[in-house]
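Asks: The structure is given below, and queries will be raised subsequently.
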Amino acid sequence: KEAMVDIDVKAKPLQPHWYERYVQPCVAELLGSALFIFIGCLSVVEDAEGTGRLQPALAHGLALGLTIAILGDI
C-alpha cells in the first residue's frame, strides 16, 4: 500500500490548450483551403483536348477527399 501512495497522477486539464483551441483549427483551415484552391486551379490550367469537365471535377473531388483525410480530425 505504501507504493501506491508514492505515485503522483496528474489529471488531464478539462480545457484543451489555447494552441489546440484557436491556432490549430485556423492553420488547418488555411492549409486545407490553399490545397483545395491550388489543385483546383492547376487542374484547369492545362486544358487537354477531350477531358471537358471531367478533369477539374475529379481534381477537385480528390483534393477535397485528401484535405478531409489529412485535416478532418483537427
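The values are calculated or read from the model by the stated rules, or taken from the named source; none is laboratory data. Remember, predicted model here, so these are calculated numbers, not experimental data. Glycine also receives a Cβ, built like all others from the backbone with ideal geometry; neighbour counts cover every protein chain displayed. For accessibility, only protein heavy atoms count, side chains too; no ligands or nucleic acids. Shrake-Rupley method; radii C 1.70, N 1.55, O 1.52, S 1.80 Å.
Asks: Among (1) free of Cβ contacts under 8 Å to residues at least 40 places away in the same chain; (2) open to solvent by 50 Å² or more (accessible area, probe 1.4 Å); (3) not in a loop (DSSP other than H, G, I, E, B), where does Glu49 come up short?
Replies: It fails just one condition, (3).
Asks: Before we move on, is Gly72 touching a Ser or Thr at 6+ places or on another chain (Cβ under 7 Å) and either open to solvent by less than 100 Å² (accessible area, probe 1.4 Å) or modelled with pLDDT under 80 (or both)?
Replies: In short, no.
Asks: Return yes when Ala59 is open to solvent by less than 100 Å² (accessible area, probe 1.4 Å), out of contact with any Cys (no Cβ under 7 Å at 6 or more places or on another chain) and without any contact (Cβ under 8 Å) to a residue 12 or more places away in the chain and no when it is not.
Replies: It is false that Ala59 is open to solvent by less than 100 Å² (accessible area, probe 1.4 Å), out of contact with any Cys (no Cβ under 7 Å at 6 or more places or on another chain) and without any contact (Cβ under 8 Å) to a residue 12 or more places away in the chain.
Asks: Just give me the residues in region 1-37 being among the basic types (Lys, Arg) and at pLDDT below 70, in sequence order.
Replies: Answer for region 1-37, where residues must be among the basic types (Lys, Arg) and at pLDDT below 70: Lys1, Lys12.
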